[in-house]
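Below is one structure, written out as structure tokens, with a few remarks after it.
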Amino acid sequence: MTTNLRTRDGGPATGRSASRRTHGEGLFRFVSTAAGVVLLAIMAAIAVFLISEAIPALQANKGSFFGDLIWEPNSSQVFGIGALAFGTVLSSALALVIATPIAVGVALFISHYAPRRLAAPLGYLIDLLAAVPSVVYGLWGITFLVPLLRTPSQWLNENLGWFPLFGGEGAIGGKTMIAGSIVLAIMILPIIAAISREVFLQAPKMNEEAALALGATRWEMIRMAVLPFGRPGVISAAMLGLGRAMGETIAVALIFPATFDISFQILTPHANSIAANIANGFGEATQIGRGALIASGLVLFVITLLVNTGARLIINRRKEYARAGA
């Protein structure tokens, strides 16, 4: 069976144009494959660098890297990643919980509720939030948000202190986990909102019109036709935002106190993350200290890969369910 190649005007392609198209497809395939290989090579090079730099420090560690809650590589050469990994995961998870519902709501408003004259400027404004430097968010958080949260934090501690997240003694408010998480949520919100908006706009119009024709309200149409279609894209956007939150450095370094303990009390000054600890300690670190910080970066690298891999598995499974349902 032969395929007749045609030009742009619909006529049959000549031998020269067909050959040119074949060479163009081959070149594009080569460039795409080379880009993928280069990306894998870069990832492998980063992993090799982190491992090679971290091994000497791990060998010199006099404690347990995964068990100790102490970070003193420059003096006693005892350091552990447990508290930093806990703070990284908790702050990022809180930021994701805060940002995702708001971002999805903003995306739905722009794509299905707002008039066109309002939707376009609002979309540009949301996109511009992603271009704000992280140090600006950090300065805003330390000068405005941290003082603002002191009174609500005290109220939550006094009235809902029985709940583990709001319990604790000592200083309430200030540089806390919740303050850093809110700043991270604001930073990742435009990423999740922008991707979710584009996914919702790609929902099949025939399904939306069919739902409206059957008497569904606009929200019922969104719930039945838009959200199921956009769920994999929203998950991808959320995981991308989660990766941004885990790797954020300057903003959380300005807000998080340099503590090294594990605590679910988000209203008290028990907060730190791997990225913030690297930013705060790299300048004054000794050779062992730099190796310890690089080892913590390796842990962050692995956590990010695991999160992205898990997200990809969830998305692929949902696509398989959607195909089976179709």
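The values are calculated or read from the model by the stated rules, or taken from the named source; none is laboratory data. Fair warning: this is a prediction, and the values are worked out from it, not measured in the lab. Because the Cβ atoms are built from the backbone with ideal geometry, glycine has one as well, and the counts that use them run over all protein chains shown. Ligands, DNA and RNA are excluded from the accessible area calculation, which covers all protein heavy atoms including side chains. Shrake-Rupley method; radii C 1.70, N 1.55, O 1.52, S 1.80 Å.
Across the chain, C-alpha contacts under 8 Å between residues 6 or more apart give a mean separation that, scaled by the residue count, equals a relative contact order of 25 percent. Checking every one of the GluC sites (Glu not before Pro) in region 207-297 against DSSP loop status and a limit of 15 other Cβ atoms within 10 Å picks out GLU284. Across the protein chains, with a 1.4 Å probe defining accessible surface, the residues THR100, THR151 rank THR151, THR100 from largest area downward.
When nucleic acids and ligands are ignored and a 1.4 Å probe is applied, ASP127 ends up with an accessible area of around 60 Å². Considering only ALA114, ALA311, ALA35, the mean-square fluctuation computed in a Gaussian network model of the chain, springs between alpha carbons under 10 angstrom, is largest for ALA35.
Helix content alone sets the calculated 222 nm mean residue ellipticity of the chain: runs of n ≥ 4 DSSP H residues at -39500 (n - 2.57) each, divided across all residues, give -22500 deg cm²/dmol.
Here the simple spin-label model places points 7 Å from the Cα toward Cβ, and for GLU209 and THR22 these points are separated by 4.2 nm. Take the chain with all the other protein chains still there, run a 1.4 Å probe, and you get 57 Å² of accessible area per residue.
ARG317 contributes an accessible area of around 150 Å² to the protein surface, as traced by a 1.4 Å probe with all chains present. Of all the accessible heavy-atom surface of region 38-195, with the other protein chains kept in place and a 1.4 Å probe, what percent is carbon and sulfur? Carbon-and-sulfur percentage of accessible area, whole number: 72.
Using a probe of 1.4 Å on the protein chains alone, the accessible area found for THR143 is around 100 Å².
Normalised by the number of residues in region 9-165, the mean separation of alpha-carbon contacts (under 8 Å, six or more apart) gives a relative contact order of 8 percent.
When the chain is treated as a GNM with alpha-carbon contacts under 10 Å, the residue of LEU122, LEU293, LEU267 showing the greatest mean-square fluctuation is LEU122. In this structure, ARG231 and LEU306 have a Cβ-Cβ separation that, at R0 = 22 Å, corresponds to a calculated FRET efficiency of about 0.55.
Accessible area per residue (1.4 Å probe, heavy atoms of protein chains only) ranks MET224, MET187 as MET224, MET187, with the largest value leading.
Ordered from largest to smallest accessible area (heavy atoms of protein chains, 1.4 Å probe), the residues ILE222, ILE303 come out as ILE303, ILE222. Over the chain, with a Gaussian network built from C-alpha contacts below 10 Å, which listed residue (ALA275, ALA45, ALA119) shows the highest mean-square fluctuation? Result for the chain, Cα springs under 10 Å: ALA45 fluctuates most. Of the listed values [x] 54, 43, 41; [y] 78, 52, 37; [z] 77, 47, 31, identify the label whose number matches Cα extents along the principal axes in Å calculated from this model. Computing Cα extents along the principal axes in Å and matching it to [x] 54, 43, 41; [y] 78, 52, 37; [z] 77, 47, 31 gives [y]. Note: relative contact order over region 231-322, using C-alpha pairs below 8 Å and six or more positions apart, is 35 percent.
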